[in-house]
Amino acid sequence: MSNEVEIGRGKRARRAYSFDDVAVVPSRRTRDPQDVSTSWQIDAYHFDLPIIAAPMDSVMSPQTAVQFGQLGGLGVLDLEGLWTRYDDPTEQLAEIAQLPSDEATRRMQALYSAPIDPDLITQRLREIRATGVTVAGALTPARTQQFYKTVVDAGVDIFVIRGTTVSAEHVSANAEPLNLKRFIYELDVPVIVGGAATYTAALHLMRTGAAGVLVGFGGGAAHTTRVSLGIHAPMATAVADVAAARRDYLDESGGRYVHVIADGAVGRSGDMVKAIACGADAVMIGAGLARAAEAPGQGWHWGPEAHHSQLPRGERVRVGTTGTLDEILFGPSGRADGTLNIVGALRRAMATTGYSDVKEFQRVEVVVSPYLPG
């Protein structure tokens, strides 16, 4: 059966689905939630939770990265953010939280124009390392060549190369592009790279030697990529496509498993459940963790796209504060909207459908059932 629709006589399009378009189906077996394991492992690093905190200034500071790691997840610090541009960015974070909406973008562009200090990169990563949690930091492809040695020398455990989209075949007439395959091969730490939104793009990234691939393109709560660039990748289809690339690369490479991490549109517990059901090994969460009382954004959320110097493709958005980081992850919840006790929700979804661990849960039945609230 064809999955294409005709847009007009000269153009056909493939139908794609978001997390809101799909649902998980119970099976013949159920389990007790306490018998379910939510742990996962990437390279030599084991985590109790299949959740990575997004490298965004509204979500992660060195302190919250430590706290998140102690709770069982992986916190990733944005090494091009305010924490590596200012000795103490408390004042800048407070100012961003107070900015009028019509002034936010231009003022954030000015705040983020301060230069990145390599010494601050070293200092922030060592602050995290001193606590004993797994250390992860993120750079964009454009800055990786410039700062990667500083990052590795500071003792990072997992290196994240994250952009709106990352290609293994970037072409430039103006500068030598980052050769991901050579770069990852020469690096002594596992690399997570993305985003990718298609089977082919993900397969090429897997062939570079990446330990994990981030799946997504401008689908987060603070992104405006669809309206500014006209580009969007519905996440249920994107995750399933990249999971297929993982399967085929496993055969092609003779058994090398690359982890698939859903990055975008995972704002509530049900989105996380469906991301794993579509094939993700873990999820990267931004807005859902920006709602924590400890989050640096103070109830606001933004990513690096919101302060791009030439073409912002995101904005500062109000997400509010729903609870502490511990309550967001483990409850108890006094709300029924999927913003608190997200790990408990994952456990219950897995138990209700009869699966004992995350890897097994990827096999759960999924149906197309668009959700139209209100």
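Bear in mind that the values in this text are calculations on the coordinates, not laboratory data. Worth saying up front: this structure is predicted, and the values here are computed from it rather than measured. Here the Cβ is made from the backbone with ideal geometry for all residues, glycine too, and neighbour counts use every protein chain on show.
Quick notes
- Here the chain is assigned +1 on the Cβ of each Lys and Arg and -1 on the Cβ of each Asp and Glu. Its dipole about the Cα centre then comes out at about 1060 debye.
- Options Ala245, Val283, Ile192, ranked by Cα towards positive dipole end of the chain, top entry (Cβ charges): Ala245
- Normalised contact order of the chain, rounded percent, pairs of Cα under 8 Å and 6 or more residues apart: 23
- Beta bridges by DSSP in region 4-368, antiparallel share as percent, to the nearest 5: 30
- Listed by chain and number, the lysines whose C-alpha is less than 27 Å from the C-alpha of Lys274, apart from same-chain residues fewer than 8 away, are Lys359.
- Remark: region 79-89, residue by residue, has Karplus-estimated 3J(HN,Hα) of 7, 10, x, 5, 5, 10, 10, 10, 4, 9, x Hz, where x stands for each Gly or Pro and the curve is 6.51 cos²θ - 1.76 cosθ + 1.60 at θ = phi - 60°.
- Per-pair calculated FRET efficiency, R0 = 30 Å: Val367 and Glu294 via Cβ, rounded to 0.05: 0.20
- Highest-first packing order for the peptide set 50-62, 3-15 is 50-62, 3-15, based on the mean count of other beta carbon atoms within 10 Å.
- Between amide H atoms placed 1.01 Å from N, distances below 5 Å from Gly331 occur with Asn341, Ile342, all of them 5 or more places distant or on a separate chain.
- Extent of region 16-107 along its three principal axes (Cα atoms, max minus min coordinate, largest first): 55, 35, 23 Å.
- Of Ala275, Ala142, Ala210, the one that fluctuates the most in a GNM where the chain has Cα springs shorter than 10 Å: Ala142
- Sorted on the mean count of surrounding Cβ atoms within 10 Å across their residues, most packed first, peptides 307-313, 351-357, 155-161, 193-199 read 193-199, 155-161, 351-357, 307-313.
- Highest-first packing order for the peptide set 326-337, 118-129 is 118-129, 326-337, based on the mean count of other beta carbon atoms within 10 Å.
- Near Gly75, the amide H atoms lying under 5 Å from its own belong to Ala53, Gly69; only residues 5 or more places off or on other chains count, and H is placed 1.01 Å from N.
- For region 4-368, the normalised intensity computed at q = 0.10 Å⁻¹ comes to -0.59 (log10 of I(q)/I(0), Debye sum over alpha carbons, equal scatterers, no solvent).
- Cα centroid separation - region 70-135 against region 301-374, whole Å: 23
- The H on the amide N of Glu294, modeled in the peptide plane, is under 5 Å from the matching H of Leu325, each at least 5 residues off or on a different chain.
- Taking θ as phi - 60° and the Karplus parameters 6.51, -1.76 and 1.60, the scalar couplings of region 9-20 work out to 4, x, 8, 10, 9, 7, 6, 10, 10, 8, 4, 5 Hz in sequence order, x denoting glycine and proline.
- In this Cβ point-charge picture (+1 for Lys and Arg, -1 for Asp and Glu), region 44-144 has a dipole of about 300 debye about its Cα centre.
- Lysines whose Cα lies under 24 Å from that of Lys181, excluding same-chain neighbours fewer than 8 positions away: Lys149
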